[in-house]
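> Have a look at the structure that comes next, please.
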Amino acid sequence: MIHSYRPAQLAARLVESDPDLKAFEPVIRRRIEAVRKTEHRLTGGRMPLTEFAAGHLFFGLHRQPGEWVFREWAPNATAIYLIGERTRWREEPGFALQPIDSHGVWEIRLPADALGHGEQYRLRVHWPGGAGDRIPSYARRVVQDPRTLIFNAQVWEPAAAYEWKTGDFRSADEPPLIYEAHVGMAQEAERVGTYVEFSDHVLPRIAAAGYNTIQLMAIPEHPYYGSFGYHVANFFAASSRFGTPEDLKALIDRAHGMGLRVLMDLVHSHSVSNEVEGLGRFDGTRYQYFHRGERGIHRAWDSRCFDYGKPEVLHFLLSNCRYWLEEYRVDGFRFDGITSMLYLHHGLEKAFTSYADYYNDTVDEDALSYLALANQLIHDLRPDAITIAEDISGMPGLAESLDAGGTGFDYRFAMGVPDYWIRLTKETPDEFWSMGQLWHELTNRRADEQTISYAESHDQALVGDQTLIFRLVGSRIYTHMSVMTEDIAVSRGIALHKMIRLATLATAGHGYLNFMGNEFGHPEWIDFPREGNQWSFRYARRQWRLMDDPLLRYHHLAAFDREMASFALRSGIPFGQEIFLLHLDEGGRILAFLRGKQVFVFNFHPDHAAVDYWIPAAPGVYRVELDTDRAAYGGLERQDPELAHHTLTDRIHRHFLSLYLPPRTALVLTAVEGRDE
């Protein structure tokens, strides 16, 4: 069904949620109108957007009764041949595609026995003045020869289609606790891991750790493994280096059986520059899918920039969204590199200091229209799907619904939070941390948009940066993590690691994310095989045995993270509850706030224990629900876990909790009953 919109009304709604946008209301209205015009240009008003986004059902290789049909869009091509093992990689007249319209669509129909399951193929495209081999743009299976390292498309028609076991999985209505993971580096051996290994060995760990959502990186095929999956070449092909399409479906199916949502990193912000494997010069031009000239080149990322004003490009990208939702039953997407899409300057070395930075001619309004239509499409297909915007600029309205005048994302990442933690731990000794600044950074977000916070993601774990545990403990992490020894630096790091993660989750708007291994303080960075490390896999893996070893302190951090996740789901935090500052003591390094029914109290002081410390609270009886100082979490167990805390009153009948707060510890207290004072 075609959506009915009134741009002026929707712009007014967005301004109503943020009156500071009033001066830009005409620009907002124009952008909303542009979305509707773009939708009408694509659908002609004759079909829903979901029907338009079906390019994958038309283009590419398809088995039909008694024949194979293959179609490709290449408007600058003068001739196209399907070449492969069947043709001995030569151009054969019987494998020549024919143009079927004036818009550059080519087609070939072959007998059913002309191609077989597992055969490799590609296209040879001719254009004025040249020719080149290309992998089809809608290829669903791409494989790399282990000897020659050459990529080819592969005919994929298994004897039986995958049979899903979980039926129509639907996301639970609870805050997303996201476990960001990379299939290839999720195993302990120094090699590329597989979908099957991830299903067997990592999914149970994620479920046991208490997370309810998985965010999978590097799923669409990418020629360079070390790109972390962000230089995509084949947008419709699940990476074959991890296994078969059926293996990935089984992974997702098994996750659903465990109650886990599965989100996928969707990289529509740019494309790899490769010409044979990717779309770089598919039909002989550099502007088939991308902008002409310099605008089509992302110099910082060495990649190509999509032209979101082209209907064919929108057809390709919108169909890609539908494909992953329907073919692999993913439950949503994290849209990568939104900032790069939205601005002609890609957000590079740009400080966004006022609303004027979002409403000027540096904004790519075609990209903004695409994102709105992508969100509309995804939620029309799967109303329970989750979409997350990775945007560092703070563009207003990204995570507002389309009906509220926004771009339609369900969430946006609070990307300033991990940057703050890294900057703080890198530049300032914790005895000088400002509680006021910390409170501001953790709660500084748009009140009208849902956000997901995190202390660190894969970005902070890559070579060239350091994880929080590395910054806190340093090289002692290699020599002093035994429970049989005591080390002041390790004790400090473990204490602060727990407090940082709890403070981040407790103040998060609507969700929380962790990168795999960081929950137990994985001791090493991430570095994929490359020339600079002699193509080693040493740092492209996760050492789970460290967490499993009861003689190492990693299991203390894992135990705390597990209890923190359990607490979050029990209490519904973070799920949009109001957050109120109760107490802030700069000298004592104490911070306390109220969230839902829970009182959170942090003592960041390195050596001062606060005794009989009064924290404002509603009258009642409170019990400690979470204590970072428990022995099971590597603490000193300085609190009685069974102690009931009764509020006290002062002379003017204000109510307080009187608490003992050891240094570098945090408490979460829950009211268990009320009483009149």
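To keep it simple, each residue is scored yes or no on (1) surrounded by fewer than 23 Cβ atoms within 10 Å (Cβ to Cβ); (2) in a loop (DSSP other than H, G, I, E, B).
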| site | (1), (2) |
| --- | --- |
| Arg476 | yes, no |
| Lys498 | no, no |
| Pro523 | yes, yes |
| Tyr539 | yes, yes |
| Leu546 | yes, no |
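> Here's another thing I want to ask about it. Select from the stretch 484-542 the residues that are within 26 Å of the chain's Cα centre (by Cα) and among the acidic types (Asp, Glu) and write down the one among them that is modelled with the lowest pLDDT.
Looking at residues that are within 26 Å of the chain's Cα centre (by Cα) and among the acidic types (Asp, Glu), I get Glu524.
> Also, I was wondering about something else. Can you pull out the residues in the stretch 647-677 that are open to solvent by 40 Å² or more (accessible area, probe 1.4 Å) and in contact with a Phe, Trp or Tyr (Cβ under 8 Å, 6 or more places away or on another chain)?
Correct list: Leu648, Thr649, Tyr660, Arg664, Ala671, Val672.
> Any residue at all in the stretch 299-312 that's touching a Lys or Arg at 6+ places or on another chain (Cβ under 9 Å), of a type outside the set (Ser, Thr, Tyr), in a helix (DSSP H, G or I) and under 30 Å from Asp384 (Cβ atoms)?
Within the stretch 299-312 (the criterion being touching a Lys or Arg at 6+ places or on another chain (Cβ under 9 Å), of a type outside the set (Ser, Thr, Tyr), in a helix (DSSP H, G or I) and under 30 Å from Asp384 (Cβ atoms)), the answer is yes, since at least one residue qualifies.
> Sort out for me the strands (runs of 3 or more DSSP E) sitting completely within the stretch 98-205 that have 1 or more residues that are of a type in the set (Gly, Ala, Ser).
By residue number, 130-134, 151-154, 177-182.
> Of everything in the stretch 349-367, what is part of a helix (DSSP H, G or I) and either among the acidic types (Asp, Glu) or open to solvent by 20 Å² or more (accessible area, probe 1.4 Å) (or both)? Give them in sequence order. Please lay out each step first, then the result.
Going residue by residue through the stretch 349-367, those that are part of a helix (DSSP H, G or I) are 355-358, 365-367.
Scanning the stretch 349-367 gives Tyr355, Ala356, Asp357, Glu365, Asp366.
> Let me ask something additional. List, please: which pairs have Cβ atoms under 7 Å, are six or more places apart or on different chains, and start with a residue in the stretch 398-411 that is in a helix (DSSP H, G or I) and end with one that is small (Gly, Ala, Ser) and at pLDDT below 95?
Ala404/Ser17
> What tally of residues in the stretch 594-609 results from selecting those that are under 27 Å from Gln577 (Cβ atoms) and not hydrophobic (A, V, I, L, M, F, W, C)?
Residues in the stretch 594-609 being under 27 Å from Gln577 (Cβ atoms) and not hydrophobic (A, V, I, L, M, F, W, C): 5 in total.
> Looking at His345, is it free of Cβ contacts under 8 Å to residues at least 60 places away in the same chain, open to solvent by 20 Å² or more (accessible area, probe 1.4 Å) and not in a helix (DSSP H, G or I)? Lay out the reasoning, then the answer.
Values: free of Cβ contacts under 8 Å to residues at least 60 places away in the same chain: yes; open to solvent by 20 Å² or more (accessible area, probe 1.4 Å): yes; not in a helix (DSSP H, G or I): yes.
Considered against the rule, which asks whether it is free of Cβ contacts under 8 Å to residues at least 60 places away in the same chain, open to solvent by 20 Å² or more (accessible area, probe 1.4 Å) and not in a helix (DSSP H, G or I), His345 comes out as yes.
> I'd like the full set of residues that are under 28 Å from Asp561 (Cβ atoms) and part of a helix (DSSP H, G or I), limited to the stretch 227-253. Before you say what the answer is, go through the steps one by one.
Looking only at the stretch 227-253, we keep the residues that are under 28 Å from Asp561 (Cβ atoms), and these are 228-230, 242, 248, 250-253.
Within the stretch 227-253, Phe242, Leu248, Ala250, Leu251, Ile252, Asp253 qualify.
> Which count do you get for residues in the stretch 451-478 that are polar (S, T, N, Q) and modelled with pLDDT of 95 or more?
Residues flagged as polar (S, T, N, Q) and modelled with pLDDT of 95 or more within the stretch 451-478 amount to 2.
> Collect the residues in the stretch 433-444 that are more than 24 Å from Asn518 (Cα to Cα) and in contact with a strand residue (DSSP E or B) (Cβ under 8 Å, 6 or more places away or on another chain), keeping them in residue-number order.
Met435, Gly436
> Of the conditions (1) open to solvent by 40 Å² or more (accessible area, probe 1.4 Å); (2) under 29 Å from His222 (Cβ atoms), Gly116 satisfies every one except a single condition; which number is it?
Status for Gly116: all satisfied but (1).
> Okay, moving on. Sort out which residues of the stretch 548-575 are small (Gly, Ala, Ser) and outside any helix (DSSP H, G or I), and write them in order of number.
Result: Gly572, single match.
> When you scan the stretch 29-87 for strands (runs of 3 or more DSSP E) that lie fully inside it, which ones turn up with 1 or more residues that are over 30 Å from Leu371 (Cβ atoms) and open to solvent by less than 20 Å² (accessible area, probe 1.4 Å)? So that I can check it myself, show each step before the final result.
Working: elements: 60-64, 67-73, 79-84.
Answer list for the stretch 29-87: 67-73, 79-84.
> Given the options Leu123, Leu110, name the one that is in contact with a helix residue (DSSP H, G or I) (Cβ under 9 Å, 6 or more places away or on another chain) and under 29 Å from Val313 (Cβ atoms).
Details: Leu123 fails: in contact with a helix residue (DSSP H, G or I) (Cβ under 9 Å, 6 or more places away or on another chain).
Only one candidate qualifies: Leu110.
> Let me ask another. Farther than 30 Å from Trp535 by Cα, charged (D, E, K, R) and either open to solvent by less than 20 Å² (accessible area, probe 1.4 Å) or modelled with pLDDT under 95 (or both): which single residue out of Asp173, Asp145 fits that description?
Only one candidate qualifies: Asp173.
> Exactly one of (1) open to solvent by 40 Å² or more (accessible area, probe 1.4 Å); (2) in a loop (DSSP other than H, G, I, E, B); (3) farther than 21 Å from Arg31 by Cα is unmet by Glu294. Its number?
Of (1) open to solvent by 40 Å² or more (accessible area, probe 1.4 Å); (2) in a loop (DSSP other than H, G, I, E, B); (3) farther than 21 Å from Arg31 by Cα, only one is false for Glu294: (2).
> Further, regarding this structure: Restricting to the stretch 478-496, and then to whatever is among the β-branched types (Val, Ile, Thr) and part of a helix (DSSP H, G or I), can you tell me which residue is surrounded by the most Cβ atoms within 10 Å (Cβ to Cβ)? Please lay out each step first, then the result.
Of the residues in the stretch 478-496, the ones among the β-branched types (Val, Ile, Thr) are 479, 483, 485, 488, 490, 494.
Checking the rest, the ones that are also part of a helix (DSSP H, G or I) come to 488, 490, 494.
Values: Ile488: 9, Val490: 23, Ile494: 26.
Going through the qualifying residues, I end up with Ile494.
> Further, regarding this structure: Quick one: in the stretch 386-414, of everything that is farther than 12 Å from Ile32 by Cα and aliphatic (A, V, I, L, M), which residue is most open to solvent (accessible area, probe 1.4 Å)?
By that ranking, first place goes to Ile392.
> Specify the residue that is nearest to Asn152 (Cα to Cα); the eligible residues are those in the stretch 212-226 that are open to solvent by 10 Å² or more (accessible area, probe 1.4 Å) and in contact (Cβ under 8 Å) with a residue 60 or more places away in the chain.
Among them, the one singled out is Pro223.
> Residues in the stretch 571-628 that are touching a Ser or Thr at 6+ places or on another chain (Cβ under 7 Å) and among the basic types (Lys, Arg): how many?
Summing the residues that are touching a Ser or Thr at 6+ places or on another chain (Cβ under 7 Å) and among the basic types (Lys, Arg) in the stretch 571-628 gives 2.
> For the structure I just gave you, tell me whether Asp283 is part of a helix (DSSP H, G or I), more than 25 Å from Tyr539 (Cα to Cα) and either touching a Gly at 6+ places or on another chain (Cβ under 8 Å) or open to solvent by less than 30 Å² (accessible area, probe 1.4 Å) (or both). Break it down stepwise before answering.
Working: part of a helix (DSSP H, G or I): no; more than 25 Å from Tyr539 (Cα to Cα): yes; either touching a Gly at 6+ places or on another chain (Cβ under 8 Å) or open to solvent by less than 30 Å² (accessible area, probe 1.4 Å) (or both): yes.
Judged against the criteria, Asp283 is not a match.
> Looking only at the stretch 607-665, how many residues end up being farther than 26 Å from Met481 by Cα and touching a residue at least 40 places away in the same chain (Cβ under 8 Å)?
Number of matching residues: 21.
> Here is a further query. Please enumerate the residues belonging to the stretch 435-465 that are in a strand (DSSP E or B), open to solvent by less than 60 Å² (accessible area, probe 1.4 Å) and closer than 30 Å to Arg541 by Cβ.
Ile452, Ser453, Leu462, Asp465, listed by residue number.
> Would you please name the residue that is farthest from Ser571 (Cα to Cα), looking only at residues in the stretch 618-634 that are open to solvent by less than 20 Å² (accessible area, probe 1.4 Å) and part of a loop (DSSP other than H, G, I, E, B)?
For the stretch 618-634, the residue satisfying everything is Asp629.
The values are calculated or read from the model by the stated rules, or taken from the named source; none is laboratory data. Remember, it's a predicted structure, so these values are computed and weren't measured experimentally. Methodologically, a virtual Cβ is constructed for each residue, glycine included, from the backbone with ideal geometry; neighbour enumeration extends over all protein chains shown. Calculation scope for accessible area: heavy atoms of the full protein, side chains included, ligands and nucleic acids excluded. Shrake-Rupley method; radii C 1.70, N 1.55, O 1.52, S 1.80 Å.
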